Structure formats: structure tokens, C-alpha cells
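What follows is a single structure, written as C-alpha cells, with notes after it.
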Amino acid sequence: MSKPRILLVYTGGTIGMGINERTGALEPLRFSHFLQAMPEMELLGVEVDVIQFDPPIDSCEMDPKLWAHLAGIIRENYDRYDGFVVLHGTDTMAYTASALSFMLRHLTKPVILTGSQLPIGMLRTDGKENVITGIELAALKNAEGRAVVPEVCIYFNGSLLRGNRSTKINADGFEAFDSLNYPHLCDAGVEFTFHTHHIFTPDWDKPLEVNPEMDPNVLVFSLIPGIQPSLVDHLLGIPHLRGIVMRTYGSGNAPHLEWMERLLDRAARRNVVIVNVSQCLRGSVQMDRYEAGLHLLNKGVISGQDCTVEAAATKLMHLSALYPNDVEQVRAHMTRSLAGELTEKCP
Ligand code: ASP
């Protein structure tokens, strides 16, 4: 039997960084350094080819153009590989995973993002386990010869998570990611324990469709007690603004004040889509639970339900690009699951 083939895309991030002797800070290094630190790659029963970003980046520099570049790499190589592993900095990994999940429609192969908290060249690195297990998971097939995890995922520290449900939860610990509103897809202990029921089932017969365009005229803002109308007014006046992810309190609540109503009316007149995502890390927005949420619903604010901020923001960018002149389509699709990013309520 031939070995599974995996394409490893090295974008940068801590995993491949080294210390700059002059500044003492970590900076991205080329992939050859990475390979020198990881001779184990040779021992994997998998054929791995590598593409690298030139230059490799700190993931703080990730942007929609680079997401499109990544989606293009996957499209061009889709038929030649069984799966894809993207080495990525942890800081914006959840945004990239969310963006890719919307760009890659009808995906039937694994796209697994991983990285590390300590560079691969360091003695206590978490990078080796993350990369090796990430590759193993991307190569796995079931008895019918289909990918076991045909979706965009993040693998980190023993947990395989749906990409568009993931959030970076820890700047220091090895357990850097979690999907607080969705079960893990697999727990990788001594053995792999797949939670098959929670893994996305694609339409296996549909060909991959790549929609790499993103409209970046989207912003995220958080309510705080005492928030000033003039600041919100300024945000809503930004030219070309297409959407706002508004981080509200609890189950989607905001102060019921006259100026807030006025500004929401103004946003609606400008066709700016406002999506309500809670500041709570767990649970769902339910705007009809309190009067403090109901007034938002009545003004046309859309419920982000149990979406992460990362998924809501990238989905807004994606839909705004797909429907540049049709705000009603953007609004309608925001409430539905496109790639398993939210839990649709039973009618
Ligand atoms: N600043 C780094 C990055 O996101 C952090 C990391 O990789 O963990 O590229």
C-alpha cells in the first residue's frame, strides 16, 4: 500500500522561531532550521512535502490576503494530497482556521492547523508532539477510504478541535486552545478517541469550491459600562463599514438607552450588519430572554448565537465579499451554520 501524502504548509509562528541574539526576542526562522530540529519527520510513515511562506511570519501579521494565499495552496494541491497541515503562530490561529473553514466549501480532506508555545529547537518544546500528531490525524482514513476528520481543525496539546469553534485561551500554558461551545473532535491520549458524532459530515460527491475573497471592512467592539455615545457614533460613521461584531453582556444584553436606539437605526440605514456575540466564553446569545436584549432584536441586530468572535468576524468578512450588494443575504446567512460554526436551534 502506498503511504498517505500530506502537504505541510509552514507559515511561521513560535514553532519555527529562534532567539535574535541582538534583541533577545523570538523571530521566525526558515524551514530548514525547523527540519534540523526535527529528524523524527523521517520516521513518520507518511510522505510529507513542504511549502513555506517566504518570509515566514509572526501570525500577528496574518491578513485576508494571506488567508487567500493559503486557500489557493490548498486548492492547487487538493487532488495530490490526502490532507494538509498548516504550521501557524498561535496568536491568530483561530482566525485563520475560521476564515479557511468558510473559504473552503465542500471540503472532504483534513486541514489541520497547529503550532507550539515553545520553539521546536528548545528542549521542552511542545512543537514535536503537535506536528507529529497533527500529521497522523491528517493522514487517517476510515474503512471506506475517506478522511476521518474532513474539516478545518486545530490540533494542540492532545485535543483536536473544530477550527471555527476554537479560541486561544492561554498565552503561557501548553493547553493553548479550546472550543468552549463545542465538544472536542478527538482526544489524543495513549490512543485516539474520536467523537465521531461531532465531526462534520461533508457531501462527499461535491467538488471543493474555494471562495477566497474577504471584505475586511468589519470591526469588533466590546461594550463596557459607561461606553460613550460619541465613540460608538464615530465607529458607525466609518466609510465602507460593512459589519460590526458587537460583544455584549451575558445572553446578548446591552443598555436600553435612547442614544443606542438612535445609533442602531443609523447602522440599519447604512446597511451595516451588527452581529451580537456575548462577552461570555460559554453559552449562547438569546436576545429575547431579557428586555435588555429584546430592544436589540427589535432593531434588527443579528444573533451570533454561540459563535466565537473569531468565527463571527471572519464569517462577516466572507459573506460581505460574497454578497457585496445584498445586505439581506448577508443577514440571512449570518444566522445559519455554514461550516459548523454555530449550533442551529431546532425550529
Ligand atoms: N507571536 C507568535 C505567533 O502567533 C506566538 C505563537 O506562535 O505562539 O506567531
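The values are calculated or read from the model by the stated rules, or taken from the named source; none is laboratory data. Source: prediction; values computed, not measured. Using ideal geometry, Cβ is built from the backbone for each residue, glycine included, and neighbour counts are taken over all protein chains shown. Accessible surface areas use protein heavy atoms only, side chains included; no ligands, DNA or RNA. Shrake-Rupley method; radii C 1.70, N 1.55, O 1.52, S 1.80 Å.
Calculate what fraction, in whole %, of the accessible area of the stretch 293-334 sits on carbon and sulfur atoms when a 1.4 Å probe is rolled over the protein chains. Result for the stretch 293-334: 50 percent of the exposed heavy-atom area is carbon or sulfur.
Ignoring ligands, DNA and RNA, please state the percent of accessible area on the stretch 51-117 from carbon and sulfur, probe 1.4 Å. Using a 1.4 Å probe with all protein chains present, the stretch 51-117 comes out at 46 percent carbon and sulfur.
Given their separation in residues at 0.36 nm each and the Cα-Cα distance between them, LYS128 and ASP49 gain 26.7 nm when the chain is fully extended.
Residues CYS60, CYS153, ordered by accessible area of protein heavy atoms at a 1.4 angstrom probe radius and largest first, appear as CYS60, CYS153. When the charge dipole of the chain is built from unit charges on Cβ atoms (+1 for Lys and Arg, -1 for Asp and Glu) and taken about the Cα centre, the candidate among ILE132, PRO202, VAL301 whose Cα reaches farthest toward its positive end is VAL301. Put a dot 7 Å past the Cα of GLU144, heading toward its Cβ, do the same for ARG5, and the two dots end up 2.4 nm apart. On a per residue basis, the convex hull of the C-alpha atoms belonging to the chain measures out at 157 Å³. Counting only DSSP beta bridges with both residues in the stretch 232-323, the antiparallel share comes to about 10 percent. A crude spin-label estimate for the pair SER32 and GLU344, with each label 7 Å from Cα along the Cβ direction, gives 5.1 nm.
The residues of the chain expose, per residue, 46 Å² of accessible area to a 1.4 Å probe.
If R0 is taken as 35 Å, the Cβ-Cβ distance between THR196 and GLU261 corresponds to a FRET efficiency of 0.15. Computed per residue of the chain from DSSP H runs no shorter than four, each worth -39500 (n - 2.57), the mean residue ellipticity at 222 nm is -8000 deg cm²/dmol. If the chain linking ASN325 and GLU209 were pulled fully straight, counting 0.36 nm for each residue of separation and taking away their Cα-Cα distance, it would gain 39.6 nm. DSSP beta bridges fully contained in the chain are about 35 percent antiparallel.
Look at the alpha carbon pairs under 8 Å that are at least 6 residues apart: their mean separation over the length of the stretch 102-256 gives a relative contact order of 21 percent.
Straight-distance candidates among the lysines for linking to LYS141, with alpha-carbon spacing under 16 Å and chain neighbours fewer than 8 residues away dropped: LYS3, LYS109. In percent, rounded to a whole number, the relative contact order of the chain is 15, using alpha-carbon pairs under 8 Å and six or more apart. For the stretch 12-81 versus the stretch 270-287, the inter-centroid distance based on Cα atoms is 34 Å. Considering only ILE169, ILE244, ILE199, the mean-square fluctuation computed in a Gaussian network model of the chain, springs between alpha carbons under 10 angstrom, is largest for ILE169. At full extension, LEU297 and ILE238 could sit 18.9 nm farther apart than now, given 0.36 nm per residue minus the alpha carbon distance.
Which of ASN271, ASN211, ASN142 moves the most in a Gaussian network model of the chain with Cα springs under 10 Å? Result: ASN142 has the largest fluctuation of those listed. LEU44 sits among other residues whose Cβ lies under 10 Å from its own Cβ, and their net charge, with Lys and Arg +1 and Asp and Glu -1, is -3.
Normalised by the number of residues in the stretch 260-323, the average gap of Cα pairs under 8 Å and 6 or more apart makes the relative contact order 33 percent. Taking all protein chains together and a 1.4 Å probe, the residues HIS69, HIS240, HIS318, HIS197 rank HIS197, HIS240, HIS69, HIS318 from largest to smallest accessible area.
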